[in-house]
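Since every read-out is calculated from the coordinates, none of them should be taken as a lab result. Just so it is clear, the structure is predicted and the values come from calculations on it, not from any experiment. Here the Cβ is made from the backbone with ideal geometry for all residues, glycine too, and neighbour counts use every protein chain on show.
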Amino acid sequence: MSDTKRKGLILVNTGNGKGKTTAALGMALRAWGQGMKVLILQFIKGGWKYGELKAAKKLGPNFEIRQMGEGFIKGADDRSLDEHRHAAQQALEAARIEVSSGRYDLIILDEVLYAIHYGLLGLENVLDLLGQKPENLHLVLTGRNAPPEIIERADLVTEMCEVKHPFTRGIAAQKGIEY
């Protein structure tokens with residue numbers, strides 16, 4: 001396919017099952033392996049030492065992950081929701097800058113759909129960002145509850161469906177699997 005012009009796609013990983021970020025990371029690794037420059041902006045994750053952060057450091061400057069969130073949202077009070085909202089808006093601004101920068105071939109907006117669902121970001125702001133995407137940039141959005149407007153704009157939508165999860169049997173999150 002080297003004789004065809006690259007068409008940047010909008011890809012969405014959504015659904016209630018595990019694997020949305022993991023699938024996006026797999027795509028990022030594939031793109032990096034093809035000599036592409038990758039950026040992952042994490043809208044919710046922050047503070048934890050996820051395995052992908054260690055891997056990104058070893059992959060070098062063409063594979064970058066920025067944790068921009070404040071961590072888990074469940075049980076957040078008004079003050080902490082304001083902190084989450086501020087962090088998500090900063091992540092969206094970073095996304096705007098990087099989408100238009102021309103520095104990356106693939107940008108992943110990890111958990112941006114959660115940020116919309118929890119009211120940290122307005123849907124219209126994310127749709128505006130999609131409208132600014134250069135033709136050759138691949139853009140991946142992850143998180144549950146993808147709004148119909150995002151699904152409509154996407155070129156590929158994958159829904160992860162939970163069939164069985166160890167947490168329901170009381171098994172805690174496992175290092176190297178969930179983080």
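Residue under question is Ala88, and the condition is that it be in contact with an Asp or Glu (Cβ under 7 Å, 6 or more places away or on another chain), assigned to a helix (DSSP H, G or I) and either under 23 Å from Asn145 (Cα atoms) or of a type in the set (Val, Ile, Thr) (or both); does it hold? If you could, list the steps in order and put the result at the bottom.
On the way: in contact with an Asp or Glu (Cβ under 7 Å, 6 or more places away or on another chain): no; assigned to a helix (DSSP H, G or I): yes; either under 23 Å from Asn145 (Cα atoms) or of a type in the set (Val, Ile, Thr) (or both): yes.
Taking the combined requirement at face value, the residue does not satisfy it.
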Residue list for region 33-58, filter: of a type in the set (A, V, I, L, M, F, W, C) and either crowded, with 19+ Cβ neighbours inside 10 Å or over 25 Å from Lys7 (Cα atoms) (or both): Val38, Leu39, Ile40, Leu41, Phe43, Ile44, Trp48, Leu53, Ala55, Ala56
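Condition test on Ala87, is it over 19 Å from Asn13 (Cα atoms) and of a type in the set (Gly, Ala, Ser)? Let's see the steps before the verdict.
Values: over 19 Å from Asn13 (Cα atoms): yes; of a type in the set (Gly, Ala, Ser): yes.
For Ala87, the condition - over 19 Å from Asn13 (Cα atoms) and of a type in the set (Gly, Ala, Ser) - is met.
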Residue in region 127-134 that is surrounded by 17 or more Cβ atoms within 10 Å (Cβ to Cβ), in contact (Cβ under 8 Å) with a residue 24 or more places away in the chain and within 18 Å of Val38 (Cβ to Cβ) present: yes
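Give me a count of the residues in region 3-22 that are among the β-branched types (Val, Ile, Thr), surrounded by 17 or more Cβ atoms within 10 Å (Cβ to Cβ) and over 10 Å from the mean Cα position of the chain (by Cα).
As a first pass, look at region 3-22 and keep what is among the β-branched types (Val, Ile, Thr): 4, 10, 12, 14, 21-22.
Going one step further and asking which of them are surrounded by 17 or more Cβ atoms within 10 Å (Cβ to Cβ), we end up with 10, 12, 14, 21.
Filter again for over 10 Å from the mean Cα position of the chain (by Cα), leaving 10, 14.
Of the residues in that region, 2 qualify.
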